[in-house]
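What follows is one structure encoded as structure tokens, with my remarks underneath.
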Amino acid sequence: MNRRGLLIRVTVAAAAVAWVFMPVAAPAQTGGTAEVVTLNARLPAEIVPAALANLQQLDTAGRRSSVEYIVSGTEDARTAFVAGEVDLMVSGVDLSEAQRAALQQSGRGVISAPVQATAAQVFGFVPEIGLFPTRCDEIDEETGEPLVECSTADRIPLGAELRLDGESLVEAFYVGNNVWNSPSFVADMAPVLPAGYRLIPPIRGARPLVRSDGDAFNQYLDAFVATTAGPQRRAALQQTPGGDPNDVPSEVWPGFLTPSRQGMDNVVSTIAGGLDPAGSEVALGGTITVAAPGSAAEAVALNAGKPPSERVPLFRAQVPNAAGEWLSATPESITAAVALDAGKPLAATTNPAKGAYPIAWVNRAYVPASGLTADEANAAASFIRLQVTAGQGRAAGLGDGRLTAAMVDEALGAADRIVESNCASAKGTVTTSADGAPWLPAGVLTGGPVQLCTGPSTPEPPPVDQGAGSGGFDTGFTDTGFSDVAFDTGVSDVPAGFDELSAEVAGEQLTATGDAVGADAAATGGSSSAADAAATAVVSRRMPLPIPGQTLPPLDRAVTLGLGALFAMVVWKLYERRTGFG
């Protein structure tokens, strides 16, 4: 062996020995790509389409946030929040006094913020409503025979929007009569029919469809009817088996015999399929429900794209507001409605404002005032900030209304309070950011500085008010009114006296991008072993192969080195034989 070959082999051997015994660390992850702060949430279906776009933006920030959420009814969302199962929830029905007291007793408290202007669109399908010439109804007084002979060829399809007032909705949802033949429906439709024509409704009436999971859509449909057709509703409930004429509107539908489905997606798919919810077969008289405007619009658009033979005759009905206008839910009419009476639900049923849709309300986000980590507080605040700024345009494009400027200011103020309040319990330090970065993509948020928290990732446990009891609470409560208490700066959404009843957990878990993360070692200023271990776990889950230095102890490396050396010797011998080198 010549001197050159010996030198190469010694060098390779030295490097191999060093690799066996020298610890190898994973390369540092920069720019927030490895660490993801995760929030657990409960969201109603109507906010998800717009929220998804906001969550995608949060995932592109320097410090990434992920919201792992379950889509559920508002009643279940509030119950889970009070029980401490989620970090954030959105509901169109406010917390009850009992729930607020439980949150105060637990030490977590609550801060709420308006995040969505939404509505309930009366939505359904009807097989056929035609128009028939009234001249064909003229009878000879002497013979009793028609003066004009008419055939089915003289009929034309109805081209106007369907109109359904409170009395018609009682016929459909509470009594079960044929609403298409009801005097209220015929009278409401008369002004929009062509001169000289009358309605030819289906022989059978529309099947009603409501939510089986407790939800704001049940409550606000019932409340609209109670406000606009109270005597008819009471009479209908009086005749309903098990019904209570004194039952006040709540998230649970008052008539337990009414066909129902769990979740908005199931409700809308039943309508879009032209099915009878009582038997999942074709509904000969149609079906009627309420849904989010965006969900109804999507169903209509998908239906229009089908072959003509497969289309279902869908409709989005108009309902009357206090000004006497007939409206459907549009971004403009919802925006006008939530601007009334400081965002009071269903304000346009009693306030005679022009252009305001009557079955509209504001969804609010609820976040604990204490108990979140510094990073979780930043993530929750960033979600709210994005939802009420850049997210407003996306929401309007999906059928929602826009929050008022005062509501946006309230939400941004609530986001700052979430940071400040939770930062105190987390023993962190409140800092200022011009645009929410790094928790928001730079430049997305404009309009002034916002609060962020830098501090330990594991906060102190919230103090418990020992004088209030053991800290446990019963979620099977009845709400006796809605009023704010000192620790909540949010605005009450629901008129006093609405019942809050318990229901089964509903919804399908949907997961946004990201994984749970460990502590932020840089923020603690102390030992970083726990943070390093958590960060390593995150990186390991994202890499297709193990990280060198984490899964290869010296013995494993020696075995790897031996196999590599054997392979190298074989290759070297072949090289020597071929070239004569050696």
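Values in this text are rule-based calculations from the coordinates and carry no lab data. None of these values were measured; they are calculated from a predicted model. When we count neighbours, we look across all protein chains shown, and the Cβ atoms used for this are built from the backbone with ideal geometry, even at glycine.
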query = When the chain is fully extended, how far beyond the present Cα-Cα distance does E145 get from S309, taking 0.36 nm per residue of separation?
reply = 55.2 nm
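Between T152 and A406, what is 0.36 nm times their sequence separation minus the Cα-Cα distance? Round to one decimal in nm.
85.8 nm
Run the dipole for the range 160-317 about the Cα centre, Lys and Arg Cβ at +1, Asp and Glu Cβ at -1, nothing else charged, and hand back the magnitude in debye, nearest 20.
Once rounded to the nearest 20, the dipole reads 420 debye.
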note = The answer for L327, listing residues at least 5 apart or on another chain whose modeled amide H is closer than 5 Å to its amide H, is V319, N321
key: Label-point gap, in nm, between A568 and E332 - each point 7 angstrom along Cα→Cβ   = 7.7 nm
query = the range 64-108: which GluC sites (Glu not before Pro) are DSSP loop and have at most 15 other beta-carbon atoms within 10 angstrom?
reply = E85
query = Across the range 379-384, in residue order, what do the Karplus-derived ³J(HN,Hα) couplings come to in whole Hz, using 6.51 cos²θ - 1.76 cosθ + 1.60 with θ = phi - 60° and x for Gly and Pro?
reply = 5, 4, 5, 5, 4, 5
query = Can you give the FRET efficiency for T350 and N177, using 1/(1 + (r/R0)^6), R0 = 22 Å, r = Cβ-Cβ distance, to the nearest 0.05?
reply = 0.20
note = In whole Hz, the Karplus estimates of ³J(HN,Hα) for the range 199-213 (6.51, -1.76, 1.60; θ = phi - 60°; x where Gly or Pro) are 6, 10, x, x, 5, 9, x, 7, 7, x, 9, 10, 7, 7, 8
request  = Go through the range 72-78 residue by residue and turn each phi into a ³J(HN,Hα) via Karplus (6.51, -1.76, 1.60, θ = phi - 60°); whole Hz please, and just put x for glycine and proline.
outcome  = 8, x, 5, 5, 5, 4, 5
inquiry  = Suppose each label sits 7 Å from its Cα in the direction of the beta carbon; what would the A235-V186 distance come out to in nanometres?
reply    = 1.6 nm
query = Hey, quick one: spin label on E161, modelled 7 Å out along Cα-Cβ, who in the range 306-332 has an amide N within reach, i.e. under 16 Å?
reply = 314-332
Residues with amide H under 5 Å from that of D213, placed H, sequence gap 5 or more = G263
inquiry  = For T38, what residues show an amide H to amide H distance below 5 Å, using hydrogens built from the backbone and excluding near sequence neighbours?
reply    = S66, V517
query = With each label point set 7 Å from Cα along the Cα-Cβ vector, what nm distance links T454 and A53?
reply = 3.4 nm
request  = Work the Kirkwood hydrodynamic radius out for the range 272-399: mean of 1/r over every pair of different alpha-carbon atoms, inverted, in Å.
outcome  = 17.5 Å
message = Less than 14 Å from a label point 7 Å out along the Cα-to-Cβ axis of L284: which backbone N atoms in the range 172-214 qualify, by residue?
response = 178, 202-207
ask   = What's the center-to-center distance, using Cα atoms, between the range 348-379 and the range 100-171 in Å?
value = 29 Å
